[in-house]
Amino acid sequence: MDKIIKKVLDLQKTLYQIDSRKIKKGDVFFALKGERTDGHVYLKDVAKRDAKLAIIDKSFKINEQSLDLELLRVENVLEFLQALAKEDLKKSKAKIIGVTGSSGKTTTKEFIYSLLKSEFKVSKTQKSYNSKAGLPIAILNMDKNVDFLVLEMAMDEVGEIEKLIKIAPPDIALITEIASFAGDLGSQDILAKAKKEIFLSEKTKIKLINKRLEKFKIFQDENYLSYSIEDKKADFYLEIENQTFYEKGKKYEIKELPFKETHLLENMLAAISICRLVNVNVSTPKGGSL
């Protein structure tokens with residue numbers, strides 16, 4: 001297995017894809033099975049697009065001679081993709097910032113990236129590549145010779161984020177929100193437990209939550225760092241009316257708030273909190289400054 005992983009990672013100037021429509025000459029394609037479709041169905045299209053390699057299930061039957069495409073058979077394509085990303089990350093010295101939450105995680109990720117890149121080399125997951133397949137693909141394709149990797153992590157079920165942090169254990173982790181509607185999970189408490197999995201790695205030394213989450217018993221087990229636009233007791237507090245930012249009691253006047261919408265200000269505050277925790281002086285997005 002290790003030799004196969006090394007072989008795939010050693011391919012030169014390669015992009016990794018799970019969407020056959022995005023394949024370009026020299027790319028590697030992972031034939032994943034989804035609820036609606038099966039990547040194996042598109043192998044002929046992938047070959048026509050001049051892919052370098054397709055990774056397929058061992059059990060899939062196909063006449064390889066009829067296909068102008070190198071095939072690599074593995075026991076489980078998704079698990080191989082995840083193992084590949086995990087191994088690829090080992091070569092990076094970047095600090096990993098993991099972001100999850102029922103809402104606001106993509107915007108917060110973008111704010112963190114925007115603020116950090118003024119002083120550091122930073123890479124981020126593109127768009128919403130945050131799932132059990134999307135996150136490893138994003139990791140494989142991003143520049144990892146940087147100071148920080150900002151990774152968005154999402155879940156559909158309990159245990160999914162735990163799997164993601166085994167691929168990319170964060171040094172710093174953030175939970176933005178727990179939705180009032182828990183969907184198939186059944187309850188907010190179960191949803192909160194699932195989101196809290198982002199803190200499970202021993203590598204995670206900085207754990208930040210929206211102060212509102214302290215209402216859940218599961219977030220009362222230790223003193224998490226917190227941010228809020230509502231509660232002055234938070235470690236990082238933004239007083240919107242008076243345009244004042246408080247960092248662990250220390251007061252900073254803000255010359256101009258970049259947004260009127262409270263949800264954007266809250267996401268911005270989360271990003272600023274992360275930056276301050278890694279000792280970065282920040283200017284707020286759109287020109288406002290601290």
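Of the residues R49, R21, R276, the one that moves most in a GNM of the chain with alpha-carbon contacts below 10 Å is R21.
Note: relative contact order over region 183-290, using C-alpha pairs below 8 Å and six or more positions apart, is 17 percent. Can you give me the distance in nm between label points at H263 and S66, each placed 7 Å from the Cα along the Cα-to-Cβ direction? About 5.0 nm separates the two model spin labels.
From the alpha carbon centroid of region 170-229 to that of region 51-121 is 25 Å.
Here K211, K260 are placed in order of increasing Cβ neighbour count within 10 Å, fewest first, which gives K260, K211. In order along region 139-145, phi translates into HN-Hα couplings of 4, 4, 8, 8, 6, 9, 8 Hz, rounded to whole numbers, per the Karplus curve 6.51 cos²θ - 1.76 cosθ + 1.60 with θ = phi - 60° and x for Gly and Pro.
Among the trypsin sites (Lys or Arg not before Pro) within region 96-154, those in coil by DSSP and having at most 13 neighbouring Cβ atoms inside 10 Å are K121, K127. Sequentially through region 49-57, phi angles give Karplus couplings (6.51, -1.76, 1.60; θ = phi - 60°) of 8, 6, 5, 7, 7, 10, 9, 10, 5 Hz, Gly and Pro residues having no value and appearing as x. The E157 and K127 beta-carbon pair, evaluated with R₀ = 22 Å, returns a calculated FRET efficiency of approximately 0.50. Per-residue Karplus couplings for region 259-270, computed as 6.51 cos²θ - 1.76 cosθ + 1.60 with θ equal to phi - 60°, are listed in order as 9, 9, 5, 5, 5, 6, 5, 5, 5, 4, 4, 4 Hz, Gly and Pro entered as x. Extending 7 Å from the Cα toward the beta-carbon at both I190 and Y246 defines two label points whose distance is 3.8 nm. DSSP bridge analysis restricted to region 2-84 gives an antiparallel fraction near 10%, rounded to the nearest 5.
Calculated on the alpha-carbon coordinates, the convex hull of the chain measures out at 143 cubic angstrom per residue.
Sorting M153, M142 by the number of Cβ atoms found within 10 Å of their own Cβ, with the fewest placed first, yields M142, M153.
For the chain, with only Lys/Arg (+1) and Asp/Glu (-1) charged at the beta-carbon, what is the dipole magnitude about the Cα centre, in debye rounded to 20?
So the dipole magnitude of the chain works out to roughly 740 debye.
For D19 and F120, the difference between the fully extended length at 0.36 nm per residue and the C-alpha to C-alpha distance is 33.2 nm.
Each Lys and Arg adds +1 at its Cβ and each Asp and Glu adds -1 at its Cβ; summed about the Cα centre, region 2-84 shows a dipole of about 260 debye.
Rg(Cα) of region 2-84 divided by 2.2 N^0.38 Å? Kindly include the intermediate steps, with their values, before the conclusion.
Details: Rg = 11.7 Å, N = 83, 2.2 N^0.38 = 11.8 Å.
That works out to 0.99 for region 2-84.
Computed on the Cα atoms alone, the convex hull of region 83-219 gives a volume of 101 cubic angstrom per residue.
At R0 = 22 Å, how high is the FRET efficiency between K232 and L200 if r is their beta carbon distance? Nearest 0.05 is fine. Kindly include the intermediate steps, with their values, before the conclusion.
Working: r = 30 Å, r/R0 = 1.37.
Taking R0 as 22 Å, the efficiency between K232 and L200 is 0.15.
No lab work stands behind these numbers, since they all come straight from the coordinates. All values reported here derive from a predicted model rather than from experimental measurement. Every residue, glycine as well, gets a Cβ built from its backbone with ideal geometry; the counts of neighbours run over all protein chains shown.
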